[in-house]
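A short write-up of the structure that comes next.
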Amino acid sequence: MGVLTLASLAANRGRAVLSDTEDADQIIDVCTGALRPHSLAVRQARAQLATTLTHVQLRDASVNRLRYGAEVTVSSGDGVLDDYLLTLPVAGAGMFRYGDTEVLATPGRGVIIGPHREFEFAFDAAWDQVIVRLDRGRVESVAAGITGEVGPVHFDVALAEGVISLDGLLESAVSLVDSAAVEHRPHLLWQLEQVIIETLLLAQPNNRTSADPDDAQPVSPRLRRAMDFMLDRIGDPLTVTAVAEACGTSVRSLQAGFRRELGTTPLQWLRSQRIERAHALLAGGATGLSVTDVAYSCGFFHLGEFSNAFRRRYGVTPSTVLAGRR
C-alpha cells in the first residue's frame, strides 16, 4: 500500500505539468526539464499518447508521478546527466536497461539508475510510476559523509527489499511541502532528504557503502555521537575540544577515530557538511534568502573563505546557485 499512497499523494499535492498530453515533443521537453534528457518513441504506429505528469519539488529532490497512456520506449538523449532516478512502479510493466543490465520492473519491484551509463526503458500501455529524482552531487556528498571517501556511486539497478522503507519517508517529505512547519523551519525538508539519501545508500547495494566487512567498518557509536553533535550545531563556532568533551572522550582519541574510520579530521568533516548544507539552502532559493544569511547559518563567518570553499566543491559561486533557483 505504501507506493499507492505515495502515488496518490504526489498526484494530489503535485503541480500538474502534463495532463493527457498527446504531443510527443511537448512531453519530451517537459519531462526533460522535470527529470532528465531523453528521447521518446511510441511503439505502436496508431497508438496515441495521453501523458500525465505531476511534479512535487522538495529541496534538491523531487517526487513525480508519470504515466504515458501508450506503449513507449524512453532512451538516452543529448545532455549532461546529473541525477539518480528511483522508480517505484504503480501499475503495468517496464523493461529497464541501464548499461549492460536489464531488469523487469512491476509493482513491488522497483529500480534505480544513475547518470553514468546509457539507458533504455520499454513500458506497456498500463505503465504508471512514481519517480524520485535525486541530485547526483547530493548523493555523492552524503556517501562521502558515510564512508569518508569521494567518488561516483553505482547502485545495483534492481531495488533491494529494504528500500521499501523509503515509502514512508517520501510520504512525509511530500506532505511537508508548502506546510507551516517548513515555513517556520526551512531546514526540515533538507534534513528529511538527508535521511532519505542515507537510507537509500545503506539499504540499496552500491559500490560505496556495500564494501566487504574486511574492507570497511561501520562508524562507531562514539563517532556517530560526535557527528550528530556537530550537525545539531552546524552554525556554531565549534572546536575539537568542545566536541570531544560533549562525547566524553579526549581530543586525541576523537581525532584518531575520525582518521581511522573516515579518513579525515572532525573539523574537515564538519566543514564538508557545512558546505553541503549551504548548497542545499541556496539551491532551494527561498524568498528573501541571501548568500550572507546562508553562510552565517552554516557556520561560515568569513564570506571570502565561504565563497572559495564553495567554488572548489561545486565549481560555481554561491550567488550563481542562488540566482539559478529564482
Go ahead and estimate [θ] at 222 nm for the chain from helices alone: -39,500 (n - 2.57) per DSSP H run with n ≥ 4, summed, over the residue count, rounded to 500. -13500 deg cm²/dmol
Of all accessible surface on the chain at a 1.4 Å probe, what whole percent is carbon and sulfur? 49
Hey, with R₀ at 51 Å, roughly what FRET efficiency would Ser319 and Ala45 work out to, going by the Cβ-Cβ distance, to 0.05? 0.50
Across all Cα atoms of segment 25-174, Rg and the largest Cα-Cα distance (Dmax), in Å, are 15.1, 53
Once you put a point 7 Å from the Cα of Leu267 and another 7 Å from the Cα of Asp124, both along the Cβ direction, what distance in nm separates them? 6.1
Value of relative contact order over segment 160-288, rounded to a whole percent, pairs C-alpha under 8 Å and six or more apart: 21
Dividing the convex hull volume of the alpha carbon atoms of segment 59-105 by its residue count, what do you get in Å³ per residue? 117
Loop-located trypsin sites (Lys or Arg not before Pro) in segment 1-98 whose Cβ has at most 10 other Cβ within 10 Å (DSSP): Arg46
More than 16 Å apart - percent of Cα-Cα pairs taken over segment 1-84: 55
Equivalent ellipsoid semi-axes, segment 237-326, via Cα gyration tensor eigenvalues times 5, rooted, Å: 30, 13, 10
Between 0 and 90°, nearest 10: helix 221-232 axis offset from the chain longest Cα axis: 80
Given a 1.4 angstrom probe, what's the average accessible area per residue across segment 36-140, in square angstrom? 38
In whole angstrom, how far apart do the alpha carbon centroids of segment 165-215 and segment 11-42 sit? 25
At each listed q (0.17 Å⁻¹), what is the log10 of I(q)/I(0) that the Debye formula gives for segment 109-249 modelled as equal alpha-carbon point scatterers? -1.15
Share of alpha-carbon pairs per 10 Å distance bin for segment 183-278, given as whole %: 14, 42, 35, 9, 0
Within segment 112-127, which residues have the backbone N less than 13 Å from the label spot 7 Å out from Asp156 along Cα→beta-carbon, could you tell me? 112
Accessible surface, 1.4 Å probe, highest first, among residues Ile27, Ile164: Ile164, Ile27
Cα axis of helix 2-13 to longest principal axis of the chain: angle in degrees, 0 to 90, nearest 10? 90
With a 1.4 Å probe and all protein chains in place, put Tyr314, Tyr98 in order of accessible area, largest first. Tyr314, Tyr98
Alpha-carbon spread of segment 74-144, three principal axes, descending order, Å: 37, 24, 19
With every protein chain left in place and a probe of 1.4 Å, what is the accessible surface of Leu281, to the nearest 10 Å²? 10
Students often get this wrong: which residues of segment 49-69 have the backbone nitrogen under 18 Å from the point 7 angstrom along Cα-to-C-beta of Ala180? none
Please give the contour-minus-distance gain from Arg259 to Thr106: 0.36 nm per residue of separation, less the Cα-Cα distance, rounded to one decimal in nm. 50.7 nm
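The values are calculated or read from the model by the stated rules, or taken from the named source; none is laboratory data. It should be emphasised that the depicted structure is a prediction, and the values quoted were computed from it without experimental measurement. Ideal geometry is used to build each Cβ from the backbone, glycine not excepted, and the neighbour counts take in all protein chains shown. The accessibility values were calculated without ligands, DNA or RNA, using every heavy atom of the protein model including side chains. Shrake-Rupley method; radii C 1.70, N 1.55, O 1.52, S 1.80 Å.
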